[in-house]
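Scroll down for the structure; my scribbles are underneath it.
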Amino acid sequence: MQRILVIDDDPSVTDLLRRGLTYEGYLVSVAQSGEEGIAIAREHLPDLVILDIMMPGLDGLEVLRRLHTADDGLPILFLTAKDAPEDQIKGLEAGAEDYIVKPFTFEVLLARVHVLLRRRQPEHLKVLRFANLTLDIGAHTVWRGDHAITLTSLEFKLLQIFMEHPQQVLSKEIVLERVWNYDFGGNANIVEVYVKQLRQKLEANGEARLIHTIRGVGYVLREE
């Protein structure tokens, strides 16, 4: 699991990001000051830092400088109320990978986080594994043990969502949003159809079921 450090003196921001990013499968640490953030980073070097600029004590620019002293490739995303163009230029020129102005939309921030972490991760981390199931995102291939499984693009995306959130119950609404990107007016039958098709392919050689139905809630990827 990738580790994200959020440094912001606004508890409402840190609480929102902790909940949202944890749900997305990240390990999230939060700090209320630059000093605290640097101490946490020294103990557990994060894969990404979301950093406010205007904080008491050390400001975000100084925190960035110190974090880059330890790891000059560490991606840092500024999340700040400083919205003037010159502030954005200053932040990016200081070494930030991205710059988002408050108030912000979590979905937009999450998309930026995904992009920054994909840039940082080595190629081998694009392979997801659970039990004897392997999904190679780069090669767009799926294996169950020694057997290759041919999936449609939507089946592949559906399986990827489950493998990115193993042992986590996903509601039909969440699956609709992540796979199809829009609402079917409350009709989630399309999810049932695709889960059934995916199960048939994953279990074609007598393999045990991995995608389980949690009645009235959704689905979960787990071993028996």
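Number of residues in segment 95-113 that are surrounded by 16 or more Cβ atoms within 10 Å (Cβ to Cβ), charged (D, E, K, R) and outside any strand (DSSP E or B) equals 2. Determine whether Leu92 is part of a helix (DSSP H, G or I), aliphatic (A, V, I, L, M), under 21 Å from Gly37 (Cα atoms) and open to solvent by 80 Å² or more (accessible area, probe 1.4 Å). Taking the combined requirement at face value, the residue satisfies it. Taking the conditions (1) over 30 Å from Gln160 (Cα atoms); (2) under 24 Å from the mean Cα position of the chain (by Cα) in turn, Asp98 satisfies each one other than (1). Within the option set Leu116, Leu151, Leu135, Leu128, being part of a helix (DSSP H, G or I), touching a residue at least 12 places away in the same chain (Cβ under 8 Å) and either in contact with a Gly (Cβ under 8 Å, 6 or more places away or on another chain) or surrounded by 15 or more Cβ atoms within 10 Å (Cβ to Cβ) (or both) holds for one residue only, Leu116. The set of residues from segment 194-224 being under 26 Å from the mean Cα position of the chain (by Cα) and of a type in the set (A, V, I, L, M, F, W, C) comprises Val195, Leu198, Leu202, Leu210, Ile211, Ile214, Val217, Val220, Leu221.
Modelled with pLDDT of 85 or more, of a type in the set (A, V, I, L, M, F, W, C) and part of a helix (DSSP H, G or I): does that describe Ile190? Against the criterion (modelled with pLDDT of 85 or more, of a type in the set (A, V, I, L, M, F, W, C) and part of a helix (DSSP H, G or I)), Ile190 qualifies.
The values are calculated or read from the model by the stated rules, or taken from the named source; none is laboratory data. If you're wondering where the values come from, they're calculated on a predicted model, not measured in any experiment. Cβ: placed from backbone, ideal geometry, glycine included. Neighbour counts: every protein chain shown. Surface accessibility is based on the protein's heavy atoms, side chains included, excluding ligands, DNA and RNA. Shrake-Rupley method; radii C 1.70, N 1.55, O 1.52, S 1.80 Å.
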